[in-house]
Every structure is written in structure tokens, then in C-alpha cells.
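> Attaching a single structure in C-alpha cells format; questions to follow.
The values are calculated or read from the model by the stated rules, or taken from the named source; none is laboratory data. Since this is a predicted model, take the numbers as computed values, not measurements. Cβ placement follows ideal geometry from the backbone for every residue including glycine, while neighbour counts extend to all protein chains displayed. Side chains included, ligands, DNA and RNA excluded: accessible areas come from the protein's heavy atoms. Shrake-Rupley method; radii C 1.70, N 1.55, O 1.52, S 1.80 Å.
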Amino acid sequence: MSSDTRKRSSSELGFIHQFIPAANRSDQITLLLLHGTGGNEEDLIPLGRELFPRAAILSPRGKVLESGMPRFFRRLAEGVFDIEDLKYRTHELADFVEKASKVYGYDLRYVISIGYSNGANITSSLLLLRSEVMFSAVLFRAMIPFMPEKVPNLSMKNIFLGAGENDPIVPREQTEMLFSLFKKAGANVVLHWQKNSGHQLGYDEIPAAKEWLSNVPIK
Ligand code: MLT
């Protein structure tokens, strides 16, 4: 049982999720937390708290099951995505974030998405297809979800990419291509390479993301 009595767990709005209101009503930021394969809506709450302690939290559980492990979209093999399902799930998740903003009373202009691995990949897809549901994103171990037919305008978006130097799942070129794609789209994007790190998060990158977040312009 949680000690935070204001925490709401729900399977309404189409996703099992948790919503934790901001520490103060005047705090505008809401973190959208998107877990990795096999995770759930609880996983990234400590990370969200570390990165932005006072923010509200919206944390859904991915609806696709792979051998019982929740994910945000289907894949055909490691690193090979079912693009049709990915696009469908991206819109479904964006609709959920929009509906939840009305129910919980947060403003989409102050949403920061924090995604890890599979959750980072669907965040990239949200940025390419439905970027109106966030103004900033922190992506740990993201890949290019798909190449868009038309490069979107991300000139108002701030993106932190956290990559592992020795990641066996995300090759270096993938990270560099994703960085270039976001740059081409006009985003304010930074790339942080974590030394001696694979797909798991390393020690320096959480403080680095936190420092970056503290300087993100909030309008
Ligand atoms: C994915 O399927 O999104 C990526 O391969 C990362 C993972 O979940 O292993």
C-alpha cells in the first residue's frame, strides 16, 4: 500500500496507470513515464521523482504482452518493430494522455515524457506523430522507431538522448541517426554518451538528465 494517499491507480481511460498529482497546485510539470519491456507503471516512479521531484506523474502500463511482458507496441524480433502496430499504439497512447489531461487537470504544454528502452522508442514515435502531447522528452536507450515520410516540426521541443557506449541492443549509428533526425526537425536536442554502459542506465546520466531538465525553458 502506497504512503502517498493522493496516488490514484486506475484501469480507466483505456490503460492501467498511476496518476500522482504535483506536490503543489502551482507546480505545472507532469511527467509521462514510459517503462521498458517487462516493466509496469510502478517502475519509473523513483526515476521520475529523482529527475523532477515536485512534478505530477502519469505512468501507464504498456498494453501489448510479449510472453507475458508488457510493452508499448509489438515487435517481430529484437529491434525489428511491427510498424503498423507501433503507429496505432502511438495514437492510442497520445489519445490517453490527452484524455487523462482533462480528467486529472494537467496541461499538455507542460508534459515531459521520460522513456526507457521500449518506452523511449514509443516516445520517439510520439514525437514524430503526435508531438502536441509533450513539450520535452528524456529518452534513455532509444532507437529510430521508423523513418517519417515528412520530417515533423519539433522546433518547440527539448530532447535529452541518453545512450550507452556499449549498448548491445541500440547500435551507435541508431543513436546518431535519431539525434540527426531530431536536429533536422529543429528540436533543441542533446546527446549524452554514458561511458562503460550498456542498455542499463549508468551512474552519471541521471544527474546529467536532471541538470538538463533544470534548464529546460518552461513557458
Ligand atoms: C524495443 O523493442 O523497443 C527495443 O528493442 C528495446 C527493448 O524493449 O528491448
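> Could you go through region 152-158 in sequence order and give the Karplus-derived ³J(HN,Hα) for each residue, using 6.51 cos²θ - 1.76 cosθ + 1.60 with θ = phi - 60°, rounded to whole Hz, and x for Gly and Pro?
Ordered by residue, 3J(HN,Hα) equals x, 8, 10, 5, 9, 9, 10 Hz.
> Rounded to whole Å, give me the distance from the Cα center of region 49-111 to that of region 158-178.
20
> Another question, then. Determine the gain in length on full extension of the stretch residue 203-residue 11; use 0.36 nm per residue of separation and subtract their C-alpha separation, reporting nm with one decimal.
Answer, rounded to one decimal: 65.8 nm.
> May I ask you to evaluate 6.51 cos²θ - 1.76 cosθ + 1.60, the Karplus curve with θ = phi - 60°, for each residue of region 70-79 and list the ³J(HN,Hα) values in order in whole Hz, giving x for glycine and proline?
Rounded to whole hertz, the list is x, 9, 8, 6, 6, 10, 8, 6, 4, x.
> Quick one: Karplus J couplings for region 33-43, per residue in order, coefficients 6.51, -1.76, 1.60, θ = phi - 60°, nearest Hz, x for Gly and Pro?
Computed from phi, the couplings for region 33-43 are 9, 10, 7, x, 4, x, x, 8, 5, 8, 3 Hz.
> Restricting to the chain, what percent of DSSP beta bridges are antiparallel, rounded to 5?
Percentage antiparallel, nearest 5: 30.
> Same structure again: Counting only protein heavy atoms and a 1.4 Å probe, tell me what percentage of region 1-130's accessible area is made up of carbon and sulfur.
49
> Estimate the FRET efficiency between residue 173 and residue 151 by the formula 1/(1 + (r/R0)^6), using the beta-carbon distance for r and 22 Å for R0, to the nearest 0.05.
After rounding to 0.05, the efficiency reads 0.75.
> For the chain, what Kirkwood radius comes out of the mean inverse Cα-Cα distance, in Å?
Its Kirkwood hydrodynamic radius stands at 17.2 Å.
> Once the other residues with Cβ under 13 Å from the Cβ of residue 166 are scored (Lys, Arg +1; Asp, Glu -1), what is the net sum?
+1
> Could you order 75, 25 by accessible surface area, starting with the largest, using a probe radius of 1.4 Å?
Largest accessible area first, the residues go 25, 75.
> Here's something else I'd like to know. Beyond 28 Å between alpha-carbons counts as too far, so tell me which of 87/210; 99/183; 99/157 fall in that bin.
Going by Cα-Cα distance, 87/210; 99/183 fall outside the 28 Å limit.
> In region 40-79, whose amide N lies under 14 Å from the spot 7 Å out along Cα-to-Cβ of residue 27? List them in ranges.
From region 40-79, the list is 45-58.
> Which FRET efficiency value, to the nearest 0.05, is calculated for residue 77 and residue 49 with the Förster distance at 41 angstrom and r the Cβ-Cβ distance?
0.75
> Please report the relative contact order for region 101-219, taking Cα pairs under 8 Å with a sequence separation of at least 6, and give it as a percent rounded to a whole number.
For region 101-219, the relative contact order is 22 percent.
> Separate question: Grab the other residues whose beta carbon is less than 12 angstrom from that of residue 53, score K and R as +1, D and E as -1, and report the net.
Spelling it out: positives minus negatives among the neighbours equals +1.
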